[in-house]
Amino acid sequence: MPDGTLNELKTIAPDKFQDPMITAKGEERAVVALTHLRTLWFNTGSLCNITCTNCYMESSPKNDQLAYLTLADVTRYLDEIKREGYKVEEIAFTGGEPFMNPHLLAMLKQVLSRGFKALVLTNAMKPMGHKRDGLLALKNQYGSRLSIRVSMDHYTQRRHELERGPNSWQPMLDGLRWLSNHRFNLAVAGRTCWDEDEDSARTGYADLFHEKNIAIDIDQPGNLVLFPEMDAKLDVPEITVSCWEILGVAPETMMCASSRMIVKRKGAASPVVVPCTLLPYDPAFEMGPDLALSPKKVHLNHPHCAKFCVLGGASCSVD
């Protein structure tokens with residue numbers, strides 16, 4: 001898709017993704033069971049310092065549908081993990097822009113002090129810059145258990161700014177360079193909406209990192225992840241139980257087989273569990289307030305399930 005334009009693509013049929021059990025064609029919808037809760041995500045809040053053209057989370061400086069999580073919110077779930085004996089390995093933070101949440105550093109400290117790996121998704125711009133001292137102190141104390149993944153939608157300024165807006169390139173690059181210079185466990189996330197093959201994209205990123213002296217080895221798994229473009233209004237096939245064999249995809253490799261996310265609705269008394277990072281707003285995917293009581297199966301009744309996970313083969317976790 002040249003320069004990420006979506007104008008000429010087919011919109012989704014209104015009868016798709018309506019029944020959680022059955023597709024529009026009357027076939028049994030695919031289901032993913034939680035096999036092992038490996039990664040617990042926290043959406044720190046939907047506010048962001050920029051407005052992207054096609055944000056997965058619809059984040060912006062004005063979108064406050066998801067409230068800021070507090071340290072107490074996060075600690076509650078960490079306590080539940082310990083109490084229930086879940087073998088969670090990684091605690092991850094997304095947004096919005098996580099560094100806008102005033103409690104983020106305290107939440108990271110709590111996570112890391114309990115022995116978990118921590119991952120933060122960020123645009124590496126001004127909000128992160130305001131917290132550099134505290135972030136560096138955490139890195140110096142906990143080392144590579146703290147990972148930072150920076151959103152760089154393309155390895156060229158022109159295409160990155162088509163998505164992120166004017167004057168977003170240099171602040172991101174400055175933040176990325178600072179993280180690299182201080183030897184953070186560092187990764188980059190890009191997009192595959194551009195009119196180029198993956199090998200060309202990876203070569204472009206590698207050349208940029210070499211030119212800018214940014215220490216990211218793209219040959220290491222997870223250091224450069226390229227996510228498929230998503231728009232819930234665009235047409236995508238519904239996933240049925242027979243698709244697993246047809247596509248050669250195993251349900252246990254889906255994000256919702258090993259992950260859950262915590263969100264807090266604006267005005268809500270407490271957070272709730274949702275199956276993954278891509279469905280923070282849809283009430284049909286709300287799974288209750290506790291991990292232990294949340295459903296163990298997810299019906300793939302959303303375009304993002306098909307486009308991002310099953311057909312796109314993407315996952316938001318580190319590995």
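Looking at ASN63, ASN54, ASN49, just one residue is out of contact with any Lys or Arg (no Cβ under 7 Å at 6 or more places or on another chain), among the polar types (S, T, N, Q) and buried (at least 16 other Cβ atoms within 10 Å of the Cβ), and that residue is ASN63. There is no residue in segment 277-292 that is surrounded by 17 or more Cβ atoms within 10 Å (Cβ to Cβ), of a type in the set (Val, Ile, Thr) and part of a strand (DSSP E or B). Under 28 Å from LYS307 (Cβ atoms) and at pLDDT 95 or above - does that describe any residue in segment 68-80? Checked segment 68-80: at least one residue is under 28 Å from LYS307 (Cβ atoms) and at pLDDT 95 or above. For segment 188-198, the set of residues classified as touching a Pro at 6+ places or on another chain (Cβ under 9 Å) and either farther than 23 Å from GLU229 by Cα or assigned to a helix (DSSP H, G or I) (or both) is empty. Taken over segment 234-263, the criterion of being closer than 30 Å to THR44 by Cβ and either among the aliphatic types (A, V, I, L, M) or in a loop (DSSP other than H, G, I, E, B) (or both) is satisfied by LEU234, VAL236, ILE239, MET254, MET255, ALA257, SER258, MET261, ILE262, VAL263. Taking the criterion of being β-branched (Val, Ile, Thr) and either outside any strand (DSSP E or B) or over 16 Å from VAL298 (Cα atoms) (or both), the residues of segment 18-38 that qualify are THR23, THR35. Taking the residues in segment 195-226 that are within 18 Å of SER144 (Cβ to Cβ) and in contact (Cβ under 8 Å) with a residue 60 or more places away in the chain as candidates, determine which candidate is surrounded by the most Cβ atoms within 10 Å (Cβ to Cβ). Per the criteria, the residue is VAL225. Restricting segment 199-216 to residues that are out of contact with any strand residue (DSSP E or B) (no Cβ under 9 Å at 6 or more places or on another chain) and not in a helix (DSSP H, G or I) leaves a set whose member that is nearest to GLU163 (Cα to Cα) is LYS212.
The values are calculated or read from the model by the stated rules, or taken from the named source; none is laboratory data. Predicted, not measured: the structure shown is a model, and the values here were computed from it. Here the Cβ is made from the backbone with ideal geometry for all residues, glycine too, and neighbour counts use every protein chain on show.
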